[in-house]
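See below for the structure under consideration.
None of the figures in this text is laboratory data; all of them are computed from the coordinates on show. For clarity, every value in this text was computed on a predicted model and none was experimentally measured. Cβ atoms come from the backbone with ideal geometry, glycine included; neighbour counts cover every protein chain shown.
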Amino acid sequence: MSASERPSDRPSERLAERPSERRAAARTAVVWDALRPLLEQSGPLDVLDIGGGTGGFAVRVAELGHRVTVVDPSPDALASLGRRARERGVEVAGLQGEVSSLLDVAGADSADLVLCHGVLEHVGDPATALGVLREAVRDGGTLSLLVAQRHAAVLARAMAGHFGQALALLEPTVDPGRAGHRYTSDELVALLATADLHVEQVHGVRVFADLVPGTLLDLEPGSTAALVELEKAVATRPEYLPLATQLHVLAR
Ligand SMILES: C[S@@+](CC[C@H](N)C(=O)[O-])C[C@H]1O[C@@H](n2cnc3c(N)ncnc32)[C@H](O)[C@@H]1O
């Protein structure tokens, strides 16, 4: 293993012992990079992970010494979260709820950092949901929002030969089905503005990571670290945002 692929001791930088972990690391590196200044330069924060699922993010944030609460509608996900936290030797509170009940479950002004990753795709009224998230963030706090980006989904469907599906994805739909809503960068920024949230940073996430054959990362020494470096290099370049599988926004 080369020095550049040796796993870091820091939870937010831990790269990848197994192939599946290497691919996951390549997909999440840009988000961790954006959050690192908040998570590693502040004292213990109250972090609320809405739709935090099985705790892939939440547990690592707890390992950095923060007080983390996951709110998720799925009892199974919360049970897995509990197991993952125990295995890592950290405490993460798991509460059953969803965005619409968030203020009842966790309270208003309850977090310095609210994570909402992979959830806005699945809510019926995203503008109202963002209003709830804003209420949950304390003054001076931050919302970290990660959503699916529409143009990349069109490209992926077309490249797989699913031309009809690609065509159907070109425009936003009121009822997108199980796949959920996808957003362009402009749509997302406009939506955040309607909720009175000020966008501080926009990042393109997984610009190349989903296009690279998995076997390349498995077999080519140093390729994961090189891919991560490339992902970070293009993440804030506006011309690459339409190619990103996901958009990450930090807003206040
Ligand atoms: C794609 S997973 C994302 C999990 C995690 N945030 C991550 O980034 O790995 C979506 C999660 O959102 C949860 N979810 C679905 N609808 C929700 C809602 N209306 N409010 C809050 N969470 C919801 C699901 O139970 C699931 O755990």
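Do any strands (runs of 3 or more DSSP E) lying entirely in the stretch 15-110 carry at least 1 residues that are away from the ligand (no atom under 11 Å from the Cβ), under 15 Å from the mean Cα position of the chain (by Cα) and surrounded by 21 or more Cβ atoms within 10 Å (Cβ to Cβ), and which ones are they?
Ranges flagged: 46-50.
Consider V132 against the criteria (1) away from the ligand (no atom under 14 Å from the Cβ); (2) surrounded by 15 or more Cβ atoms within 10 Å (Cβ to Cβ); (3) in a helix (DSSP H, G or I): it satisfies all of them except one. Which criterion is unmet?
Exception for V132: condition (1).
Considering only helices (runs of 4 or more DSSP H) fully contained in the stretch 158-245, which possess at least 3 residues that are in contact (Cβ under 8 Å) with a residue 40 or more places away in the chain?
Qualifying helices (runs of 4 or more DSSP H): 185-194, 214-219, 223-234.
Would you mention how many residues in the stretch 137-157 are under 21 Å from A127 (Cβ atoms), outside any helix (DSSP H, G or I) and not β-branched (V, I, T)?
7
Exactly one condition in (1) of a type outside the set (F, W, Y); (2) within 11 Å of the ligand (Cβ to nearest atom); (3) buried (at least 18 other Cβ atoms within 10 Å of the Cβ) is not met by D125; state its number.
Only one criterion in (1) of a type outside the set (F, W, Y); (2) within 11 Å of the ligand (Cβ to nearest atom); (3) buried (at least 18 other Cβ atoms within 10 Å of the Cβ) is unmet by D125, namely (3).
Looking for whichever is surrounded by 15 or more Cβ atoms within 10 Å (Cβ to Cβ) and in contact with a helix residue (DSSP H, G or I) (Cβ under 6 Å, 6 or more places away or on another chain) here; the options are V137, V212, V154, V189. Which one fits?
Unique residue meeting the criteria: V154.
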